[in-house]
Amino acid sequence: MITPTQQLENYLERFSEFEKFVAGHALPWLRKLRRDAFARFCEVGFPTTHDEDWRFTNVSAIAQAPFRLARNGRARPSQQELEPYQVAGAACQLVFVNGRFARELSLPGKLPDEVSVSSLAGEISDNPSAIEPHLGRYLDNRRDALEDGAYVHIPRGMLVEQPICLLFVSTGDDAPSMSHPRNLVVAEEDSQATIVEDYVSLDGGAVFCNTVTELVAGDHTVLSHYMIEREHEKAFNISTLRIQQGRSANVVSHSVLLGGALVRNNVHPVLAGEGGECLINGLFIGNGHQHLDNYMLVEHSSPRCGSRQFYNGILDGHAHGVFHGRIIVHQDAQKTDAKQTNRNLLLSDDAQIDTKPQLEIYADDVKCTHGATIGQIEGDALFYLRSRGIDEVSARKLLLFAFASECLDRMKPGPVRRHVEELINRCLFQMANSAPGASTGIRRDDTRRNWEEIG
């Protein structure tokens, strides 16, 4: 077993190596940002189950693995290998392999000339003054590196109709490898756009992807952000989406977690301008021994803002899901309207869900609700479908897809929704094709049990 001291020595060695070649190492403000973040990591270390926000997730598998910074993996993927991961109808697709921009694999597509979509490392080198006002300004930064990633800038009043897609590919290496993509999305006032982050892996080696995305939504912007995670069973993925919303900004965050051994999905919007609205919508589907942790922190800092959290989970096998939804209403955020709901479907006796909806209210004129439910496939509904001549696999799939469709219905119709629907459809078909009986969560002596109210 690796001791905490050995863990820090390992990461100190990696950080020292990283500083020598990383973009912007000569910029004092960026060098300070990186070193402050690493110093903070050395101070607090990896989170443990003694930390309230991580009480249901043990990250020792990440902490004790001798991860090193990924290079190009065993082999550079080809354009043909990445075709299945393209979103039809996208405005463009930037590809990052092991955390680094792969220009030759990216599809520039068609974007208005005023819109900038590029590598963050390239932007730091060519135009650091555009990056400095935003990068790292909104985070409680505890990450140990700031590597390459995407930079998206949408100027004032610009409408980008088709989605901007960012594909992050892990290819594995001879040893456990890690990458730290860092994304910055700046949408100026009165702009509209859709951003898609898609995380995939091509090889079976142990990989760790630690991503941070800062999304700055100016006044009156309308933004949709999608986070799709579908890596292999040896992958670790920790992602943080930090949203800063201006006055009357409308931001939607969709998360779809389908893969990975251990996944932690952090979404943290701050409604900093009056009249803002935020929707956090998610679906997580786990099987085998997957661990899928969703941590939502919504901060209402200004008056007359509204937020909604809707997360659905489907778990089979020995999968473990976590939903921790936290809403903080600050003292000045009068007339807040906030709601959070978590619904979970367990398909086996060994599947587990920990759910913790939470409110912290420091204002006296608000409307806030929260709740969570856990249930199984309803036996009567399955019997009804079977009695109409539908085979068991198809009947299970229909019921599971109806449950998942609650999240799909909150997505705007278009190419991304069709893409996500296809991924979910494929995943649920595999799940519905599993063995009947206990593995499907249907008990002949308990068919009337449906939903159990928790809070």
### Query
Using 1/(1 + (r/R0)^6) with R0 = 45 angstrom and r between the beta carbons of ASP391 and ASP51, what's the FRET efficiency to the nearest 0.05?
0.45
### Query
Taking 0.36 nm per intervening residue step and subtracting the Cα-Cα distance, what contour gain separates GLN79 from LYS110 on full extension?
9.3 nm
### Query
Tell me, in nm to one decimal, what length is gained between LEU139 and SER405 on full extension, where the rule is 0.36 nm per residue of separation less the Cα-Cα distance?
92.5 nm
### Query
Sorted by packing (mean other beta-carbon atoms within 10 Å per residue), highest first, where do 395-401, 109-115 land?
395-401, 109-115
### Task
Using 0.36 nm per residue of separation minus the Cα-Cα distance, give me the extension gain between ASP332 and GLU360 in nm, one decimal.
8.7 nm
#### Entry: Label-point separation, LEU398 to ARG103 (7 Å along Cα→Cβ), nm
5.4 nm
### Task
Can you work out the PRE-style zone for SER129? Point 7 Å along Cα to Cβ, and I want the residues of segment 171-190 with backbone N under 16 Å.
none
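Just so you know, all these numbers are worked out from the coordinates, no wet-lab data involved. Please read these numbers as outputs of a predicted model, since none were measured by experiment. Glycine gets a Cβ as well: all are built from the backbone with ideal geometry, and neighbour counts include every protein chain shown.
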